[in-house]
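Q: One structure, as structure tokens, below. Some questions next.
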Amino acid sequence: MALRMWASSTANALRISRASSSHLSPAFSLSRCFSTVLDGLKYASSHEWVKPEGAVATIGITDHAQDHLGEVVFVELPEAGGSVSQGSSFGAVESVKATSDVNSPISGEIVEVNTKLTETPGLINSSPYEGGWMIKVKPSSPSELESLLGPKEYTKFCEEEDAAH
């Protein structure tokens, strides 16, 4: 999501680990940034995740992204029925630290929007991979999933990105 993150080094040092839910695939933590990365998901270098589930894929921002943003106070989402393109913005997340565009990791038709985020945007912080999902998409190019990072590649990407900052 081409995060425009303005997190202080102090905030980065205070990150806490998130436990995975038992009904999701096992998680492992990033060694440097303590964010949870789940198996079974694909990740974009712009810090969005995709969970393919049959003909539909669920999309949200990663634990790493929400951690950098801090407390999420507002979420802007598109309407169901619209379309998204891989790498293009479909919404925004506003936190106490920053406002960041959210880019779609895949192209397709939006079939559902998480309307709970309108009233409870903090679900992105407390449950980025479950209650904090953003949109569900019917992929138009399923092969785009192959261009995304797996859990181990995303973990390494985040470690390298954090080491550079």
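Q: Could you tell me the accessible area of Ser147 in Å² (1.4 Å probe, neighbours in place), rounded to the nearest ten?
A: 80
Q: Would you mind checking the pairs Lys42/Lys97; Lys51/Lys136; Lys51/Lys152; Lys42/Lys116; Lys116/Lys152 and listing those with alpha carbons more than 19 angstrom apart?
A: Working: Lys42/Lys97 26 Å; Lys51/Lys136 9 Å; Lys51/Lys152 16 Å; Lys42/Lys116 23 Å; Lys116/Lys152 30 Å.
Pairs exceeding 19 Å: Lys42/Lys97; Lys42/Lys116; Lys116/Lys152.
Q: Hey, another quick one. Could you sort the peptides 101-110, 44-53 by per-residue average Cβ neighbour count (10 Å cutoff), highest mean leading? Please report the intermediate quantities before stating the final value.
A: Values: 101-110: 22.2, 44-53: 20.7.
Output ranking for 101-110, 44-53: 101-110, 44-53.
Q: With just the Cα atoms defining each centre, how far is the range 107-157 from the range 71-104? Give it in Å.
A: With the range 107-157 and the range 71-104 each reduced to a Cα centre, they are spaced 11 Å.
Q: Rounded, prolate or oblate: which one fits the range 80-165, using the alpha carbon gyration tensor with axes a ≥ b ≥ c (rounded when a/c is under 1.5, else prolate when a/b beats b/c, else oblate)? Kindly include the intermediate steps, with their values, before the conclusion.
A: Working: a/c = 1.84, a/b = 1.08, b/c = 1.70.
Oblate, since a/c reaches 1.5 and b/c is not below a/b.
Q: While we're here: Just to verify a number: what accessible area does Val113 come out at with the full protein assembly present, 1.4 Å probe, Å² rounded to tens?
A: Surface accessible to solvent at Val113 totals approximately 30 Å².
Q: Another question, if that's okay. Which whole number in µm²/s is D for the range 53-94 by Stokes-Einstein, with the Kirkwood Rh taken over Cα pairs at 25 °C and 0.890 mPa s? All intermediate terms of the calculation are to be shown ahead of the outcome.
A: Values: Rh = 12.2 Å.
Reported coefficient: 201 µm²/s.
Q: Please compute, over every Cα-Cα pair in the range 99-145, the percentage with a separation greater than 18 angstrom. Don't skip to the answer; put the middle values down first.
A: Details: 394 of 1081 pairs.
Considering the range 99-145, 36 percent of its Cα-Cα pairs are separated by more than 18 Å.
Q: With all protein chains present and a 1.4 Å probe, how do Tyr129, Tyr154 order by accessible area, largest first? Can you show the working numbers first?
A: Working: Tyr129 25, Tyr154 0 Å².
Output order, biggest surface exposure first: Tyr129, Tyr154.
Q: How big is the Kirkwood radius of the range 24-137, worked out from every pair of different alpha carbons and given in Å to one decimal? Could you put the intermediate results ahead of the total?
A: On the way: mean 1/r = 0.0718 Å⁻¹.
This gives a value of 13.9 Å.
The values are calculated or read from the model by the stated rules, or taken from the named source; none is laboratory data. Model, not experiment: these values are computed from the prediction. Note: ideal-geometry Cβ built from the backbone for every residue, glycine included; neighbour counts use all protein chains shown. Note: accessible area is taken over every heavy atom of the protein model, side chains too, but ligands, DNA and RNA are not part of it. Shrake-Rupley method; radii C 1.70, N 1.55, O 1.52, S 1.80 Å.
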